[in-house]
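Inspection log for the structure reproduced underneath, given as structure tokens.
The values are calculated or read from the model by the stated rules, or taken from the named source; none is laboratory data. A quick note: this is a predicted structure, and the numbers were derived from the prediction, not measured. Please note: Cβ atoms are built from the backbone with ideal geometry, for glycine as well, and neighbour counts cover all protein chains shown.
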Amino acid sequence: MKQIIVIGIIFFLTACVHFSPAPDDRLFDTLDVDKDGTVTMEELGNQELVIETEEDGTKGVHQADDADEAESTTPMTFEQKRRLLEDVDQNKDGSINRQEWNRASPEGFVFWKF
């Protein structure tokens, strides 16, 4: 009986992880204000984003929140947002689609060289 319960718990936890939206999808959905499947410079420029420096020195971008008062975060400038869009926009159409976004943020955190 214990084995069945353990297997059920493992299955449930695995299903929850598999079916929950990835963090990068949620951020992409937030940035895509008009819900057309792309993030334009206008949409990106109007968002409060921060650059966070990890302990290992890597830097990433995420949406600003109340926890961003730490020294490890700095607000993104408009110029940095423009450069981010240009770097992530692989097909150079002036916007970031979900495929481009997912390539740039495989773990829900946009890693970018500043």
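Beta carbons closer than 8 Å, at least 6 apart along the sequence or on distinct chains, pair a first residue in the range 42-66 that is farther than 15 Å from residue 31 by Cβ with a second that is assigned to a loop (DSSP other than H, G, I, E, B) and of a type in the set (Asp, Glu) for 52/68. Looking across the range 57-98 at every residue that is at pLDDT 90 or above and of a type in the set (Gly, Ala, Ser), the one that is surrounded by the fewest Cβ atoms within 10 Å (Cβ to Cβ) is identified as 94. Yes or no: the range 41-51 includes at least one residue that is at pLDDT below 85 and of a type in the set (D, E, K, R). No; the residues of the range 41-51 include none that is at pLDDT below 85 and of a type in the set (D, E, K, R).
Cβ-Cβ distances below 7 Å connect the following pairs, each with a first residue in the range 94-105 that is within 13 Å of residue 29 (Cβ to Cβ) and touching a residue at least 12 places away in the same chain (Cβ under 8 Å), a second residue that is part of a helix (DSSP H, G or I) and among the β-branched types (Val, Ile, Thr), and a separation of six or more residues or different chains: 96/88; 101/88.
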